[in-house]
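To start, the structure itself, in structure tokens.
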Amino acid sequence: MASQGLTNREIAEALHLTRRTVELHLSGAYRELGITGRTELSSALGRSQRVDVD
């Protein structure tokens with residue numbers, strides 16, 4: 001969900017979690033993937049980034 005461009009708040013609401021829980025899981029995933037943040041997530045997962053145009 002994060003690699004698709006959803007915010008931590010949107011992910012938390014969709015999964016019925018707290019925003020902090022999402023942040024903790026994402027930071028753990030970043031560490032495992034050897035990346036520093038959300039901007040590197042799509043490429044680390046081998047996916048193209050979604051661009052929202054509203």
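The values are calculated or read from the model by the stated rules, or taken from the named source; none is laboratory data. Bear in mind the structure is a predicted one, so any value in this text is a computation, not a measurement. Ideal geometry is used to build each Cβ from the backbone, glycine not excepted, and the neighbour counts take in all protein chains shown.
Number of residues in the stretch 14-35 that are of a type in the set (Ser, Thr, Tyr) and within 17 Å of GLN4 (Cα to Cα): the value is 2.
When the stretch 6-20 is limited to residues that are surrounded by 14 or more Cβ atoms within 10 Å (Cβ to Cβ) and assigned to a loop (DSSP other than H, G, I, E, B), the one that is modelled with the highest pLDDT turns out to be LEU17. The set of residues in the stretch 1-25 that are touching a residue at least 24 places away in the same chain (Cβ under 8 Å) and among the polar types (S, T, N, Q) comprises SER3, GLN4.
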